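This report refers to the structure that appears directly beneath it.
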Amino acid sequence: MGPTLDFLTLLPYVSELLKGFTTTVILTVMTTLTGLSLAVAVAYLRVNAQPWVRWGLGGYVEVTRNTPFIVQLFFIFFGLPGLGIKIDAITAAFIAMTLNLAAYSAEILRAGISATAKGQLEAGRALGMTTLQSFRHVVLVPAFARVYPALISQSIIVMLGSAVVSQISVFDLTYAANFIQSRNFRSFEVYLLITLVYLLLAFGMRRSFMLVGKRVFAYQQGEQR
C-alpha cells in the first residue's frame, strides 16, 4: 500500500502556522522599509562622501555580498555577545536582514545613479540646488525607477532567505514547519504547505511592489510635467 496524504493533520497547528506567517510578514515589511532606506543613504555616501567614508562603506558592502547570510546572522546573534553585546533573536534577525538587503540594494542603486547623465546634475546645481537636493530631485527618482525591478527581486530574495532565522529560534514560517513536523511527522504535507505559502508571499510582494511603483513613478512624472 502506497503512502497517503493527510492535510487534516495540520489543522490542530493553525495557530502555529499563523504565528509563523505573521512573524515572517512583519520581519519582511520592516526589513524592506529599513533596508531600502539605508541603501539610499549608503548609495548617496558612496558617491558623494569623503574617500574614507566611501572606502568604509565599500568594505561593508563587499563583506556582506561575499559572505553567507546565515554566517552574518550567527555573527550578530552568537558572536556579538562575546563582546558583551547581547541581542534577542528577533532583533538579530531584523538587523541581519536589514544590513544584507541594504548592502545589495545600495550596489543596485549605485548602478542606477551611475547611469544618470552628468548634465542633469549640472543643471540641478545651475538652479541653485545643493548636492543633497540635486541627488534627491534629479538623481534618486530616475535611478530608483531605472533599477526598481532589481530592487523588487532583491527584497524577495531576502524574504525567502529569512527562512534561516529559524536557526536562532525565531518563530517564523520555517520554524513553524519544523515544529509541526516534529510532532505529527507529516513532513511532506507540512513542507508542501510552507512552500506554497512562501510562493504566495513572493508573488504578493512582487505584485504589491509593482502597484506601488506605478503610482509613485507616475506621480513623480506628473509633478515634473
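Summary table
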{"read-out": "Test set (1) at pLDDT 95 or above; (2) hydrophobic (A, V, I, L, M, F, W, C); (3) surrounded by 17 or more Cβ atoms within 10 Å (Cβ to Cβ) - residue 209 fails condition number", "value": "(1)"}
{"read-out": "Qualifying residues in segment 1-35 (those that are hydroxyl-bearing (Ser, Thr, Tyr) and more than 23 Å from the chain's Cα centre (by Cα)) - the one modelled with the lowest pLDDT", "value": "4"}
{"read-out": "Among residues of segment 165-179, those that are of a type in the set (A, V, I, L, M) and more than 16 Å from residue 91 (Cβ to Cβ), counted", "value": "3"}
{"read-out": "Which listed residue, of 38, 45, is modelled with pLDDT of 95 or more and either within 16 Å of residue 102 (Cα to Cα) or surrounded by fewer than 17 Cβ atoms within 10 Å (Cβ to Cβ) (or both)", "value": "38"}
{"read-out": "Conditions (1) closer than 22 Å to residue 91 by Cβ; (2) in contact (Cβ under 8 Å) with a residue 12 or more places away in the chain; (3) open to solvent by 50 Å² or more (accessible area, probe 1.4 Å): number failed by residue 5", "value": "(1)"}
{"read-out": "Qualifying residues in segment 176-189 (those that are closer than 25 Å to residue 30 by Cβ and surrounded by fewer than 22 Cβ atoms within 10 Å (Cβ to Cβ)) - the one nearest to the chain's Cα centre (by Cα)", "value": "178"}
{"read-out": "Verdict on residue 192 being open to solvent by less than 70 Å² (accessible area, probe 1.4 Å), touching a residue at least 60 places away in the same chain (Cβ under 8 Å) and part of a helix (DSSP H, G or I)", "value": "no"}
{"read-out": "Any hit, segment 77-89, residues being modelled with pLDDT of 95 or more, assigned to a helix (DSSP H, G or I) and crowded, with 18+ Cβ neighbours inside 10 Å", "value": "yes"}
{"read-out": "Neighbours by Cβ (under 9 Å, 6+ apart or cross-chain): first from segment 69-95, without any contact (Cβ under 8 Å) to a residue 40 or more places away in the chain; second charged (D, E, K, R) and assigned to a loop (DSSP other than H, G, I, E, B)", "value": "80/86"}
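The values are calculated or read from the model by the stated rules, or taken from the named source; none is laboratory data. Everything numeric here is computed off the predicted structure, so don't read it as measured data. Counting neighbours? That spans all protein chains shown, and the Cβs are built from the backbone with ideal geometry, glycine included. For the accessible areas, the whole protein counts, side chains as well, though only heavy atoms, and no ligand, DNA or RNA atoms are used. Shrake-Rupley method; radii C 1.70, N 1.55, O 1.52, S 1.80 Å.
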